[in-house]
Every structure is written in C-alpha cells, then in structure tokens.
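Trainee: Can you read through this structure? Questions will come right after.
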Amino acid sequence: MQRAIRRAGTTDFWRLSASSRYLPRETRNYVPAILAAMLVARDPQAYALDLAPESPVAYESVPVPRAVDLRRVAEWTGASIEKSRHSTRSCAAGSRRRGPRTTRSRFR
C-alpha cells in the first residue's frame, strides 16, 4: 500500500483501486470484502443474519517439561498437526502450550 500511495500520490483507496497500475487484484478485492464484513458485523439483522455469540472455549495452559514432537502435541490436544503448528511457536522445553482442559495429564 505504501508504495502504491507514493506512486499514485493519493491515500484514497478507491482512487488507487480504480486502476490496476497501483494495486494487485488481490488487494483491490480484499479491502472491499473487509469493509463489507465490518458493515455486516455491525448490524447483522439488517442483512437477515442471526449471529449468536459462541461460548468461550475452555482450555488450560500446560507447561511443556521437555522438547516434544509436534505430532505428539497434536495427538494430546486433539488438534491437527497443521493447527498445532500455527497455534504455537515452539514446543521446546520450558514453553507453554494451550489445550483442552484434559490436556495437562497427557503432558506428563
């Protein structure tokens, strides 16, 4: 965006997106989608949506006593390996990992 703003000489997104010279198609499409999502989220009934809030997920933070293979963490927490990879930076000794309330006993 910064490069496009400098090249076009404007901070007006709609002017920047009017031409394919400044922004890639993904960006030109992404920003309006985010704005639309914000409008719908502010007043879902106006768009015939009934959005009930979800209950918070119960979890516990578990100390990792030693280096642990991510496949084991996924197995113990009931998450996929991919989800485990994205939800934790490290499973090194001394780190902490979130998991369902029943996870603590599996990390021992």
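Coordinate-derived values only; no laboratory data. Remember, it's a predicted structure, so these values are computed and weren't measured experimentally. Neighbour counts run over all protein chains shown; Cβ positions are idealised from the backbone, glycine included.
Trainee: In nm, give the distance between the simple-model label positions of Ser61 and Met1, each being 7 Å from the Cα along the Cα-to-Cβ direction.
Mentor: Taking the simple label geometry, Ser61 and Met1 are separated by 3.1 nm.
Trainee: Mind checking Rg over Rh on region 2-43, alpha carbons, Kirkwood formula for Rh?
Mentor: Using only Cα positions, Rg/Rh for region 2-43 is 1.06.
Trainee: Sort 19-29, 35-45 by the packing proxy (mean of other Cβ within 10 Å over each peptide's residues), most packed first.
Mentor: Order by mean packing, descending: 19-29, 35-45.
Trainee: In whole Hz and in residue order, list the ³J(HN,Hα) couplings for region 24-33 that follow from phi through the Karplus curve 6.51 cos²θ - 1.76 cosθ + 1.60, θ = phi - 60°; x for Gly and Pro.
Mentor: x, 4, 4, 5, 4, 8, 5, 4, x, 5
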